[in-house]
Amino acid sequence: MAASHYVMLCHMIGAWGTALRGRTGRTGPSGWRVPPGWASAPVTYGLIAVCCLVFALGPASGLNPVYGTGQHLFAARQEYFARWGIIPADLLDGSARAALTPLTALFVHAGWVHLLGNMLFLYVFGALTEERMGRVDYTLCYVGCGALALVGYAVSRPDSTQTLVGASGAISAVLGAFLYLFPKARVTSLLPFLFFLPLRFPAWATLPFWVLLQWAALRGSPAGPGVAYLAHLVGFGLGFCYAWVRFGRATRVKNTPVTASEGENQP
């Protein structure tokens, strides 16, 4: 199954927080800005809650005894993904049932790492993006760009019968919008080749680097089941363009990011 997920938290980028000068977010130790709370970003927290609930109740979590164990559980997972995920060949054949799967697939995840990686990125980048864009535009960007990212992947593999699930395309769209709206936001990243030392870089450096990693992974990935890197790239590009077209230059945060002090606590 071609599950669109981030391996090792998006191949060497573990985003744990952002820092901005101004009113965006809540202030933590030493001026650290953390993502807004529920009142300022209800769509983001609602999406996280729905995705977690759908996962917990479905067979992929292994928590619901209704689906059994062993071979019964495995068969239930395959049937569940085929029902709610995208199968490119079916989608492009014009099946009425398949026409809704670009939306339903956004709320289905293949496993715990898939879910937790996506929800971490949605929490970190989604709340601030929602607060800046507003609930309606943010929802349209997330759902619309996410569905189109999955369709774009399906179009690239029209004969594939592998199932595609996950919110990665939608969350990539949020990353693209975040980059446009907060180019100078400082993102804390964990890099394995530097022994997971937390380092802070501006979004204009961190997120394009993530895009390059996705492109490199796409070029080197086999044609069979795996991560839908193309959906990540399509979603990112659509999200960036949505923010650019919808908001122009007026809404971009141009303030100088807060300088982190030594010993600053990570959220």
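Details
- Set ASP137, ASP90: member being touching a Lys or Arg at 6+ places or on another chain (Cβ under 7 Å) and either free of Cβ contacts under 8 Å to residues at least 60 places away in the same chain or in a helix (DSSP H, G or I) (or both): ASP137
- Selected residue (only one of LEU116, LEU122 is open to solvent by less than 30 Å² (accessible area, probe 1.4 Å) and part of a helix (DSSP H, G or I)): LEU122
- Restricted to the range 64-97, and to residues there that are among the aromatic types (Phe, Trp, Tyr) and either under 23 Å from ALA231 (Cβ atoms) or touching a Leu at 6+ places or on another chain (Cβ under 6 Å) (or both), the residue that is least open to solvent (accessible area, probe 1.4 Å) is PHE81.
- Residue within the range 32-45 that is at pLDDT 95 or above and either farther than 26 Å from LEU148 by Cβ or open to solvent by less than 20 Å² (accessible area, probe 1.4 Å) (or both) present: yes
- Counted residues, the range 106-131 - those being of a type in the set (S, T, N, Q) and within 10 Å of the chain's Cα centre (by Cα): 1
- Exactly one residue out of ARG77, ARG83, ARG132 is without any contact (Cβ under 8 Å) to a residue 12 or more places away in the chain and in a helix (DSSP H, G or I): that is ARG83.
- Residue in the range 220-251 that is modelled with the lowest pLDDT, counting only those that are open to solvent by 70 Å² or more (accessible area, probe 1.4 Å) and closer than 19 Å to GLN162 by Cα: PRO225
A quick yes/no check of all residues on (1) in contact with a Phe, Trp or Tyr (Cβ under 9 Å, 6 or more places away or on another chain); (2) aliphatic (A, V, I, L, M); (3) modelled with pLDDT under 95; (4) under 14 Å from GLY166 (Cα atoms):
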| position | (1), (2), (3), (4) |
| --- | --- |
| ALA82 | no, yes, yes, yes |
| ASP90 | no, no, yes, no |
| ARG97 | no, no, yes, no |
| THR101 | yes, no, yes, yes |
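- Listed conditions (1) out of contact with any Ser or Thr (no Cβ under 6 Å at 6 or more places or on another chain); (2) touching a residue at least 40 places away in the same chain (Cβ under 8 Å) are all met by ALA99, apart from (2).
- Taken together, the criteria place TYR153 among residues that are surrounded by 24 or more Cβ atoms within 10 Å (Cβ to Cβ) and at pLDDT below 95.
- The number of residues in the range 156-189 being outside any loop (DSSP other than H, G, I, E, B) and either at pLDDT 90 or above or open to solvent by less than 40 Å² (accessible area, probe 1.4 Å) (or both) comes to 18.
The values are calculated or read from the model by the stated rules, or taken from the named source; none is laboratory data. The structure presented is a predicted model; accordingly, all values stated were derived computationally and were not measured. Note that we place each Cβ from the backbone using ideal geometry, even for glycine, and neighbour counts take in every protein chain shown. Heads up: the accessible areas ignore ligands, DNA and RNA and are worked out on the full protein's heavy atoms, side chains in. Shrake-Rupley method; radii C 1.70, N 1.55, O 1.52, S 1.80 Å.
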